[in-house]
Amino acid sequence: MYESRWTVNAGRVLLLVGMVTNLAANLLFARGQQPASSSRTEAILVLDTETFAPHRFIAVHGRRSLIQGYVSEGMEVWAYPFQILSGYSVAFRPQGSTAAINGKDLLSRVTYKPESVTCTYLGPDFIVRETLFVPLDHPGAILSYSVEGAKSIDIEVRAIPVMNLMWPAGVGGQSYAWNSSLSAFVLSEPENRYSATVGSPDIVAHDNPSNSAIHDASQAGIGLTLRPGHSGIARLFITLNSPHADSGSLFNQLIRDRESLEAEAATHFREVTERDLRIETPDSEANKAIAWAEIAIDQAWVCNLDLGCGYVAGYGATRGTRRPQYEWFFAGDGMVAAQGAMSAGDLAQARAELEFILRYQDRKTGMIWHELSQSAHFIDWGGKYPYMFVHVDVTFQFLGTLASYVDASGDSGFANQHWDEIEAAYRYCRSVIDPATALPRIPADKEGGNEQDRMSDDLGLSTSWVTASTAFAHLATITGHNSLAAEASKASGRARNSIGSRYWSSETSFWISGHDLSGKDMAEQRSGPGEALSLHLFGPEQTSVVLDQLASNSFQTDWGTRGIGAGSAGFDPDSYAKGSVWPVGTAALAETFWSEHRPVSGLSLWMTLLPLGSLDSPGHMPEVLAGNFYRPQIESVPEQTWSSAGFLDATVHGLLGLQVDSINNHLSFAPRLPANWANVSLRNIGVSHNSIAIELHRKANGLKLTIENPGAPFKFDFTPDIPLGATIGQAVFNHRPIAVRVENFPQQTEARIALDAPHGQSEIEVEWRGGVSIVPERPRPLLGDPDTGIRLVSFQLQRNILTLIADVPSDRNSHVGLQTGWTIASVQGVVAQTLEDSAIDLTFAASPAGSGPYRRARATVEFKP
């Protein structure tokens, strides 16, 4: 899934007056900055940076407009589909001074909220707080400047007027003029259809546009001076005006309604956190990452008056000719975002995204589109440009996503309403199936998920066919198309039977990612698609071998999973797609490990994602990281929607094991929590129009689960992890004994309970005896760090002996934790230290004489019977 788009897509030392700081740029989450009355929501969603990092990305998002960029390079303002300004910068001139101080030299702190960003500038004897805000549903922006100091401070603004369409469309002949009645610059284009307004009642001076033959390059663009009044605040208002509309209409509305617009945006994001799935854990970093993932998905929802509303792929500064990264529509990215919205419980938005995707389906072929620029309305996007219908894999992905929505929502009416489009998409998928293999081939004029290599077929696409045909069969059954359901089920079965032999290399004991145009095996060893393992498309032994390799240091880093293993043909850790680390791929592989009963590996990968929300744009996860050092890859977009969505998916479906089937009124909860988490609670779980809450409390030898069900009874499966090798003592449901089935796997022991959850409050209590839990080391890399963490490749408990296989760094000690009430009899290959609360630390000693940065280590721990 994370390879469905491979398009090519950040030094600044800030001088604080009187001091120079070289402190590392670390994210401080709302450290004591909230007012005394702050709620839990405010504490989680207010993020602060101090000692501002080089190229720290800033973005403020609305449905129809955006402020974004890097202060060092100047901010940009968009009102879709137009870029209004670029190079926006500020300087501050104290009263009586002949020189202004550049704002970027004074910037010392940035405070992020979902609805606004505040930049704090520290001058010699003054402080200016610049708050960037865009209304939720209006094409405009408001920039406020609050000044504190002994002297009056003027704010000098410079910007480049653009007033042009997003790539690739464009208009020419733009001009700008001063409108004294509005106290604003009006930007326009020759046909006078579109215009933008930039101004304020607080402007005391401005440039006068002239037609002079001589221009001062340092004074390019437009300039204006704001002077705060008695309130100490000055504001600048920017609007994109409707076609042929008065240039002052929306401008005056923003001035008049500013307070209500700010309140509306703040209320919206507060409601998002109260409405969506609410997860609380003992880990504050995890709580922030989860809450901000939900916010990031909501912020990606964009409305274009000509095209409609949908998820954009991300946010990043404009590159080239008005091509921001990635503030336009990709159906594949949108479906990952829709899956994230479903995980958050925002089914209405997921449905709206599917509607948006269907709106532009190819009516002739049934193919789902790949890419849609926000300026597509102005050009022949689908005819003269080669981007819209290029990726064959997106149509396969669509069927699986739509089936997920129907199951989660119970909205079978959606499938009935769009049955013709659904069947057309299925027919398109069938049209590229090779009868000889029962698997898809990539047409000569199309691409699969990998844009870097020309391929005739690939494992990811073939796996997607198994998923798509199964999903279509399910949808056909729900909607009463039984013959089509039978046909699709047979197709899925034939594909399943074909994949194992076609995509397995006995020479490398690893899967084959695909075949080139001549039919030759691709030599690269790729880390996906993990879904091929979750679907059991290979044999048990093959699956185990691949999972061991994927858990090794060849693929794993302290910040996620490499797309291509180190040492593999084609590996390049600095590249965009051949050895770099994609958070969405890390999240997907974590889900695979959890589904294949390797919860420690799943947890280890999930933990690498937690720090990413502080790497560049606070609260948001980047597109891609380098494969050798902890840093964004040079082409990476700072706010990538599917990175946040993938993390949320992995949290909900992997870590928590939460699955909602509203079609069958069924909820599954299979938590695979860290052994040191004593509790977790979930609110707003939507099951068949009911809102369910569950709360789990754990102790050394048992757990208690409380279920709050305000509606009708539902089917409930509870499958918690218990310590490896533990046995069940007793289990009760509402104080009555209940049956528990224990299942043992090499790396997991789980207890299975199935029941009907009645109306009201219910309780499940389970007690166990013995067992051991593995506690993986949590990575905390700093920018520029190489990979130094331990990689637990595999382990198993046979009777009373625990065997661990790990890749450990040669130049330092490495640690694995155990949590157990058992007593150690002996160890080999490690040093064991007993700590408090039944904790044990296992140390793998450094071995500097090793031949490489990592070595394979084996350890055994024997417990007293």
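Only the coordinates and a few stated rules stand behind these numbers; no lab work does. Since the structure is predicted, the reported quantities are computational estimates derived from the model, not experimental observations. Note that we place each Cβ from the backbone using ideal geometry, even for glycine, and neighbour counts take in every protein chain shown.
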### Pairs of lysine residues in the chain - Cα separation under 29 Å, sequence separation of 8 or more or cross-chain
19
### Task
Run the quick spin-label model on Glu285 and Trp419: label points 7 Å from Cα toward the beta carbon, then report their separation in nm to one decimal.
5.2 nm
### Task
Mind giving me the FRET efficiency for His735 and Thr843? R0 is 35 Å, r the Cβ-Cβ distance, nearest 0.05 is fine.
0.20
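If a/c stays under 1.5 just call it rounded; otherwise compare a/b with b/c (prolate if a/b is bigger, oblate if not). Do that for region 775-863, with a ≥ b ≥ c from the square roots of the Cα gyration tensor eigenvalues.
Numbers: a/c = 2.19, a/b = 1.58, b/c = 1.38.
The shape class here is prolate.
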### Query
Based solely on its DSSP helices, what 222 nm [θ] is calculated for the chain when runs of n ≥ 4 H residues each add -39,500 (n - 2.57) and the sum is averaged over all residues, nearest 500 deg cm²/dmol?
-7500 deg cm²/dmol
### Query
How big is region 367-489 by Rg and Dmax over its Cα atoms, in Å?
15.4, 44
### Query
Summing Lys, Arg as +1 and Asp, Glu as -1, what charge do residues with Cβ under 14 Å from the Cβ of Pro135 carry, Pro135 excluded?
-1
### Task
Under 14 Å from a label point 7 Å along Cα→Cβ of Ser691: give me every residue in region 335-359 with its amide N that close.
345-347
### Query
So how do Thr49, Thr111 line up by other beta-carbon neighbours within 10 Å, fewest first?
Thr111, Thr49
#### Entry: Spin-label pair Ser249/Ile160, simplified geometry with 7 Å Cα→Cβ offset, distance in nm
3.1 nm
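For Val545 and Lys520, FRET efficiency with R0 = 25 Å and r from the beta-carbon atoms, rounded to 0.05?
On the way: r = 23 Å, r/R0 = 0.91.
Between Lys520 and Val545 the formula returns 0.65.
Give the order of Ile58, Ile433, Ile67 when sorted by the count of other beta carbons within 10 angstrom, beginning with the fewest.
Working: Ile58 21, Ile433 18, Ile67 24.
Arranged by neighbour count, lowest to highest, Ile58, Ile433, Ile67 become Ile433, Ile58, Ile67.
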### Task
Starting from the Cα-Cα distance between Lys490 and Gln828, subtract it from 0.36 nm times their residue separation and give me the gain in nm to one decimal.
116.5 nm
### Query
Using a basic spin-label model with each label point 7 Å from the Cα along Cα→Cβ, how many nm lie between Gln95 and Arg319?
4.8 nm
### Task
Report the local net charge at Leu182: Lys and Arg +1, Asp and Glu -1, summed over other residues whose C-beta lies under 15 Å from its C-beta.
0
## Note on the structure
With R₀ set to 35 angstrom, the calculated FRET efficiency between the beta-carbons of Glu836 and His536, to the nearest 0.05, is 0.25
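What is the gain in length, in nm to one decimal, between Ala754 and Ala177 on full extension, counting 0.36 nm per residue of separation less the C-alpha to C-alpha distance? Numbers along the way, then the final one.
Working: separation 577, 0.36 × 577 = 207.72 nm, distance 7.11 nm.
Difference between extended and current length: 200.6 nm.
Using 0.36 nm per residue of separation minus the Cα-Cα distance, give me the extension gain between Arg427 and Thr267 in nm, one decimal. Don't skip to the answer; put the middle values down first.
Working: separation 160, 0.36 × 160 = 57.60 nm, distance 4.44 nm.
Stretched fully, the Arg427-Thr267 segment lengthens by 53.2 nm.
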